[in-house]
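A quick write-up on the structure given underneath.
FYI, it's all coordinate maths here, none of it is from the lab. Small disclaimer: the values here were computed from a predicted structure and weren't measured. A quick note on method: Cβ atoms are made from the backbone with ideal geometry, for glycine too, and the neighbour counts reach across all protein chains shown.
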Amino acid sequence: MPYWLWGCLAAALLLQGTLIFRNAQKRGRGRMAWFWGIWGLTGIPTPLICYLLFVVLPDRKRADRKL
């Protein structure tokens, strides 16, 4: 595999982990933000899909019920 492809993969993993971590902090997940952020650094796109399914969607459904 060429070096530039390794660099793109590393950048994508770092970006995904950072975005998941910051979103989890914003949602008030406290200690779980570190779990989601570190897991986001391990692979693409499984951690992101799981985060969307287990955190984001339930929060949106809960917010819709309050309206």
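Considering only A11, A24, A33, the mean-square fluctuation computed in a Gaussian network model of the chain, springs between alpha carbons under 10 angstrom, is largest for A11. Across segment 55-63, coupling constants 3J(HN,Hα) worked out from phi with the 6.51/-1.76/1.60 Karplus curve, θ = phi - 60°, read 10, 5, 4, x, 5, 5, 5, 5, 5 Hz, and Gly and Pro carry x. The relative contact order of the chain comes to 28 percent, based on Cα pairs under 8 Å that sit 6 or more residues apart. Helical content alone sets the calculated 222 nm signal of the chain at -23500 deg cm²/dmol, taking -39,500 (n - 2.57) per DSSP H segment of four or more residues and averaging over every residue. The string of couplings for segment 18-27 from the Karplus curve (6.51, -1.76, 1.60, θ = phi - 60°) is 5, 5, 5, 4, 5, 5, 5, 5, 4, 7 Hz, one whole number per residue in order, with x for Gly and Pro.
Please express the shape of the chain as an equivalent ellipsoid: the semi-axes are the square roots of 5 times the eigenvalues of the C-alpha gyration tensor, given largest first in whole angstrom. Walk me through the intermediate numbers first.
Values: eigenvalues 156, 28, 14 Å².
Gyration-tensor ellipsoid for the chain: 28, 12, 8 Å.
For segment 17-56, the relative contact order comes to 39 percent (Cα pairs under 8 Å, sequence separation of at least 6). What you get for the chain, charging only the Cβ of Lys and Arg (+1) and of Asp and Glu (-1), is a dipole of about 480 debye around the Cα centre.
Between I38 and Q25, the contour length at 0.36 nm per residue exceeds the alpha carbon distance by 3.4 nm.
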